[in-house]
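The values are calculated or read from the model by the stated rules, or taken from the named source; none is laboratory data. Treat the numbers as computed from the prediction; the structure is a model and nothing was measured. With ideal geometry, Cβ positions are generated from the backbone for all residues, glycine too; neighbour counts draw on all protein chains shown.
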Amino acid sequence: MPDATGLELIAQDLRDAEADSVLDTVYFREQAALLVAPAAVPAVLEHLRGRGYGFLASVHGVDYFPEEPRLGVHYELLDMHEVDRISVRTRVPLADPHVPSVTLAWPTADHQEREVFDMFGVIFDGHPDLRRILMPEDYEGFPQRRDFPMGGEPVLFTHNETQTPAWWE
Amino acid sequence: MSEVDTGRESLTPEIGYREMEESYDVSHIAHPENDELLTINFGPHHPATHGVLRLLATLEGEFVRDIKPIIGYVHTGIEKTAEDKAYWKAIPVMERMDYLAYYFNAMAYCGAVETILDLEVPPRAQYLRVIHMELNRIMSHLVWLGTTALDLGAISMFWYCFRDREQILDLFEMSSGQRMHTRYFQVGGVFEDIPVGWEEKVRKFVAIMPDRVDQFLALLMKNEIALQRLRNVGGVDEQTLLDLGVTGPLLRATGNPWDLRKAEPYCSYEDFEFRIPVGTTGDNWDRMVVRMMEMKESVRIIDQAMQGLPEGPYITDNRKYALPPRHELATSMEALIHHFKLVTEGFRVPPGEVYYPIESPRGEMGVFLRADGSSKPARVHMRDPSFVNLQAMRPMSKDLYIADFIATLGMLDPVLGGIDR
């Protein structure tokens, strides 16, 4: 992990390159994170790749309900040579959940962005194949959102199939 | 025409693509006028997919030209379920994700919670965790070896591997009460100290296992069929794998010695001496040998951890996070209150977000945890290695025979419980 000073230096470099790209820095339990504007995500990741963080370990979706902007996307970057990790985080409002896709630059993000779209409804602009990945194609709603209810999925058995009209369609 | 133009640079130019198959005339495939593509469903209920994995395979004759994985058939919403449980009550559901690496799931999750809590884990607990994780790694690799060899037609491997796997499961049953999904790892340590006689049983296993690995290697390494089926098949270069986020034995088979146990030691791994097996070309053969050698190194780690097992508590004595010992409940009001609070509400975790990666048998298994100050996690996300590694199936299986494609899928070692979660 870059220490707190190193994190600020990276943030300053990014701000020099583009003024409003880095909104905040978080240093928690020796883990460094940059909070960036959604539009700046590809540029920030590319800058960090130039600094050696060449491996995108993971992409997570988060729902910050009830805070706004509600939806978050986290990118965990790893520098395999210096053995160093940094997290890039962005937040988008529920009304306009658009984040530029990084799939073309980081092929590993393909399935992971699809998972975030599937579970949270974040739309990754420019993703070549943005479809649901874990839930069925015709599923309605985004199950990992905090206001999505637990359970309540009707299970089809022979005894209740007449109560589930047109299930065969 | 003896060579098929795969459109990419061969990893071993001197041998060429499937030179041993020279007698098979594939000249008609090379002619564009005879091109005939056929798209079929492979799975979800195919025994060689090691679970309910569905692959949309585009074939040209007997060659696989394209692969599209379709997943989600065993999606059970574990991450959502965990959000509705107290931190320590979510451990059992987390363990059921990657059902061959349950100790690793529990370790990644408990490690993330401990990181947010800033909780110290006693050394004895760390060593016990290491012993169980390495036993689990051997167990997972044995299941992989048995089933993959079965796909290659070597049925006897399956029996030998499962015989040794049973020994490990017996050890788990003795130390933690269950064969699988043991819930042995707790936040702050492990559930119980090891029982009398367990150490001796582990020593017996440690003494026998390296020979067993040698036997497996002898069965396969000198086997003409296995050699022909695996060597120079399905190789992918290191950079493609890195771009696709692949970690674990698949990456190490290409010669990149990336292993989180060495690179970012967690849970006292820095105390042990072990090597990281790497391959050279990254073909299916290397993938197999790397895993076999990993089993041997795991045995070394278990041996060292047993030798140096420290005395002391097996779980943190911070009563806010760990259950008090049973005998205290009868005498101490304080212990009773703590017990009641933990069992009803659970403990509260300060707000924060951490990512805690460990090295599972399949690669980097990370848990992202967001705590909002309540007693239930606000978001748990498992970065499962199978899920990410599955994306490498496409470059790995391009332009292979269907039969080799089955072998390559086995070498990928996907666990669908981890992919779909």
Enumerate the helices (runs of 4 or more DSSP H) found wholly within the range B:77-154, keeping only those where 1 or more residues are crowded, with 24+ Cβ neighbours inside 10 Å and basic (K, R). B:123-151
Any residue at all in the range B:52-61 that is more than 30 Å from B:A378 (Cα to Cα), away from chain A (no Cβ under 14 Å), touching a helix residue (DSSP H, G or I) at 6+ places or on another chain (Cβ under 9 Å) and not hydrophobic (A, V, I, L, M, F, W, C)? yes
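Residue by residue, here is whether (1) surrounded by fewer than 14 Cβ atoms within 10 Å (Cβ to Cβ); (2) under 20 Å from B:W144 (Cβ atoms) holds:
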site: B:D164; (1), (2): no, yes
site: B:G188; (1), (2): no, no
site: B:G197; (1), (2): yes, no
site: B:F205; (1), (2): no, yes
site: B:F216; (1), (2): no, yes
site: B:L220; (1), (2): no, yes
site: B:N232; (1), (2): no, no
Residue ranges of helices (runs of 4 or more DSSP H) in the range B:246-307 with at least 2 members small (G, A, S) and buried (at least 20 other Cβ atoms within 10 Å of the Cβ): B:284-307
Could you list, in sequence order, all residues of the range B:370-379 that are at the interface with chain A (Cβ under 10 Å from one of its Cβ atoms), in contact (Cβ under 8 Å) with a residue 40 or more places away in the chain and not basic (K, R)? B:A378
Residues of the range B:227-245 satisfying the condition of being in a loop (DSSP other than H, G, I, E, B), within 13 Å of chain A (Cβ to nearest Cβ) and of a type outside the set (A, V, I, L, M): B:G245
Take residues that are within 17 Å of B:Y109 (Cα to Cα) and tell me which of the helices (runs of 4 or more DSSP H) falling wholly in the range B:338-421 contain 1 or more. B:385-389, B:416-420
Scanning for something farther than 20 Å from A:H111 by Cβ and more than 15 Å from the chain's Cα centre (by Cα), does the range B:387-399 turn up at least one residue? yes
Yes or no: the range A:17-28 includes at least one residue that is in a helix (DSSP H, G or I) and farther than 20 Å from A:G72 by Cβ. yes
Criterion: under 22 Å from B:E353 (Cα atoms) and either more than 21 Å from the chain's Cα centre (by Cα) or at pLDDT 80 or above (or both) - qualifying residue of A:R29, A:R15, A:R49: A:R29
Residues that are polar (S, T, N, Q) and either crowded, with 22+ Cβ neighbours inside 10 Å or at pLDDT below 90 (or both), drawn from the range B:166-185: B:S175, B:S176, B:Q178, B:T182
Touching a residue at least 40 places away in the same chain (Cβ under 8 Å), touching a strand residue (DSSP E or B) at 6+ places or on another chain (Cβ under 7 Å) and surrounded by 17 or more Cβ atoms within 10 Å (Cβ to Cβ): does that describe A:L77? no
Which of the residues that make up the range A:107-143 are within 23 Å of A:R49 (Cβ to Cβ), within 8 Å of chain B (Cβ to nearest Cβ) and without any contact (Cβ under 8 Å) to a residue 40 or more places away in the chain? A:P107, A:D110, A:H111
